[in-house]
Each structure stands twice: as C-alpha cells, then as structure tokens.
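Engineer: This structure is in structure tokens; I'll ask about it shortly.
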Amino acid sequence: MAYWYNPGKVAQDVQAGLYSYIALVSMKVVGVIGGAMKDGSTEIYVLYVDSLYRYLGIGSKLLAALTEQQVAEGAKEQWVSVQEGNQLGIPFYEARGFIYKQKNMTETETSERQVSLRYYRKNLIGVQYRAMLRRNGLN
C-alpha cells in the first residue's frame with residue numbers, strides 16, 4: 001500500500017494528470033480522487049488525503065465532487081475497492097452508504113498479493129440530495 005499512497009507517488013501522478021479532482025491548501029496538494037464510468041457504473045480508482053489533513057472533510061468533498069460529475073454523466077451506481085484491513089477507507093465508505101459486496105485477490109504490478117474488498121452504492125441522486133441537506137444543516 002505504501003507504494004501506491006505516498007506523497008511522492010501522488011505528486012508524480014498529479015503531474016501526469018491522472019486524477020479527476022485535486023484538493024489544495026496553500027497551493028499544496030493535500031488530497032486527490034480519480035475515477036471513471038462505463039455503462040452507467042462508475043469506479044473510484046483512488047481517494048487519497050495527506051495524513052496531516054485527514055478528518056477535515058477533504059475526502060468527503062472530493063467524493064462529493066466526483067459523484068456530482070458522475071451523476072451528470074449518467075451514473076447509476078459507484079464501485080470502489082478497498083484494501084482489506086484499511087481501517088481508514090472501510091469506515092469512510094461505509095459511512096457514505098457504500099455496501100460490501102465481495103472479496104477479491106489480485107497480484108499487483110509490483111508482484112504483491114492484494115486482497116481488496118468491493119463496495120458499491122446505488123441511487124446516487126439520493127446520495128447527493130442527502131449530502132446537500134447535511135451541508136445545509138437540514139437533516
């Protein structure tokens with residue numbers, strides 16, 4: 001996991017334009033999210049927030065921005081893979097309505113054996129509506 005999510009790797013990927021949205025604080029990249037859509041279903045490929053900036057709502061805002069974009073493009077559901085044991089990612093996605101579907105085992109480009117948990121959520125327009133209510137203190 002350290003290979004994929006460290007400041008140097010994220011900076012390299014930002015330069016390559018691999019992310020959909022980037023969060024900046026004083027011109028410093030503190031968070032990124034990337035995803036794509038295929039046949040009405042979307043995949044979140046990466047969501048990373050610098051450890052010094054976690055629990056400030058940055059991840060939620062990045063996810064909301066990507067969700068809004070994907071809904072505008074016709075998405076009906078979102079999928080994400082979370083590495084097994086990721087005690088930051090799993091509760092984050094579950095708190096935002098993602099439901100566990102299955103466990104997958106794959107070999108990465110670096111020959112590591114990775115166990116990932118597949119999560120999804122549907123009714124993205126409802127998700128956006130509930131988020132808007134929370135932002136405005138109406139829930």
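The values are calculated or read from the model by the stated rules, or taken from the named source; none is laboratory data. Keep in mind that this is a model prediction, so the values were computed, not measured. Glycine gets a Cβ as well: all are built from the backbone with ideal geometry, and neighbour counts include every protein chain shown. Surface areas here come from the heavy atoms of the whole protein model, side chains and all, with no ligands, DNA or RNA. Shrake-Rupley method; radii C 1.70, N 1.55, O 1.52, S 1.80 Å.
Engineer: Straight distance only, please: which lysines reach the Cα of residue 9 with their own Cα at less than 17 Å, same-chain residues fewer than 8 apart left out?
Structural biologist: Counting by Cα, and skipping residues close in sequence, residue 9 has these lysines nearby: 28.
Engineer: In a shell of Cβ-Cβ distance under 13 Å around residue 77, excluding residue 77 itself, what net charge do Lys and Arg (+1) and Asp and Glu (-1) give?
Structural biologist: So the surrounding residues net to +3.
Engineer: Taking the Cα centre of the range 32-86 as origin, sum charge times position over the Cβ atoms of Lys and Arg (+1) and Asp and Glu (-1), and report the length of that vector in debye to the nearest 20.
Structural biologist: Dipole of the range 32-86, to the nearest 20 debye: 140 debye.
Engineer: Here is a follow-up. Suppose the chain between residue 99 and residue 123 were pulled fully straight at 0.36 nm per residue; how much longer would it get relative to their current alpha carbon spacing?
Structural biologist: Extending this stretch completely gives an extra 7.4 nm.
Engineer: Leaving out ligands, DNA and RNA, what percent of the accessible area of the range 12-115 is carbon and sulfur, probe 1.4 Å?
Structural biologist: C and S atoms contribute 51 percent here.
Engineer: Show which aspartates and glutamates lie in cross-link reach of residue 38 when reach means a straight Cα distance below 15 angstrom and same-chain residues fewer than eight apart are skipped.
Structural biologist: Straight-distance partners of residue 38: 73, 77.
Engineer: Continuing with the same structure: For a quick protection proxy, order the peptides 81-93, 97-109 by their average other-Cβ count within 10 Å, most packed first.
Structural biologist: Answer by packing, highest mean first, reads 81-93, 97-109.
Engineer: How do 110-119, 43-52 rank on mean C-beta neighbours within 10 Å, highest first?
Structural biologist: Peptide ranking by packing, descending: 43-52, 110-119.
Engineer: Here is a further query. Put a dot 7 Å past each Cα toward the Cβ at residue 56 and residue 72; how far apart are the dots in nm?
Structural biologist: 2.5
Engineer: Moving on to the next point. Find the all-direction average of the projected area of the Cα convex hull for the range 51-92, expressing the result in square nanometres with one decimal place.
Structural biologist: Result: a mean projected hull area of 3.5 nm².
Engineer: Additional query: Can you tell me the relative contact order of the range 16-86? Whole percent, Cα pairs under 8 Å, sequence separation 6 or more.
Structural biologist: 31
Engineer: Still on this structure, please answer the following. Using a 7 Å offset from Cα along Cα-Cβ at residue 45, what residues in the range 81-100 end up with backbone N under 14 Å from the label point?
Structural biologist: 81
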